[in-house]
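Bear in mind these aren't lab numbers, they're just calculated from the coordinates by the rules spelled out. Predicted model only: the values in this text are computed from it and were never measured. Cβ sites come from the backbone with ideal geometry, for glycine too, and all protein chains shown count toward neighbours.
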Amino acid sequence: MARCNALKPQVGVRRPDHEPIAARVDSLKIATLLRGGNLPHGCVYPPELRARRDLLRRRQHLVRQGGSFLAHIQNTHHQYNLPEPSARIAYKANRAGVPEVFDDPDARKSIEVDFMLVEQYDTIIRDIENHLERQVKKHDPQAYYRLRTTPGIGKIPALTILYEIHDIGRFPRVQDFPRPRTKPDQEACERSGDLCHEHAMASWSMSGICSA
């Protein structure tokens, strides 16, 4: 089965009255792509696991949203020519006193709102993670804990690998396995403070794997 988003640039959108001609042209294009090995294949994900995979992807979206609020705090410091917080504000213990550095009451309130939203997102994300971990212990605990024994793979990367790949047997060769993108710079994450390291690692893992 071919991936639709890989076919769209090649096939495009056709008018209804051009269907007979378009079918022959598109068949030739698809055959050429298959012969050259340039058409990524998709897979039929098990229906009983689709909702869980979607929940894991939904968590990633929430993590990015929470990171955008923390990034806004960083940008606001730059706009007012204030020094950046000395500690990573991704951690709740390092957020005390950050809004008070702004003399403008409106700017201070904006920072407080960002922190309130981040706390709500942290609660929701933590609840999703706990739910997914309970489910994976029922589904495939051996594979989950085997992944956790790999250095550098924590709870979220293990869940991401397990539910995005599903069956490693669908990759006949090592070369067919999707390569993840460049690993995020830990020092850059610490300087920006927009996401904690585990959240950044999870986003990095999913960005390269979910394209399979």
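Can you sort TYR163, TYR144 from fewest to most other Cβ atoms within 10 Å of each residue's own Cβ?
Going from sparsest to densest Cβ surroundings: TYR144, TYR163.
Please list, in order along region 90-99, the HN-Hα scalar couplings obtained from phi with the Karplus expression 6.51 cos²θ - 1.76 cosθ + 1.60 (θ = phi - 60°), rounded to whole Hz, x for Gly and Pro.
Going residue by residue, I get 5, 9, 4, 5, 9, 8, 5, x, 5, x Hz, with x marking Gly and Pro.
Please report VAL63, VAL44 as a ranked list, fewest other C-beta atoms within 10 angstrom at the top and most at the bottom.
Ordered by Cβ neighbours within 10 Å, fewest first: VAL44, VAL63.
Arranged from highest to lowest average of other beta-carbon atoms within 10 Å per residue, in what order do the peptides 80-90, 149-159, 165-175 appear?
149-159, 80-90, 165-175
If you rank HIS78, HIS131 by fewest surrounding Cβ atoms within 10 Å, what's the result?
So the residues, fewest neighbours to most, are HIS78, HIS131.
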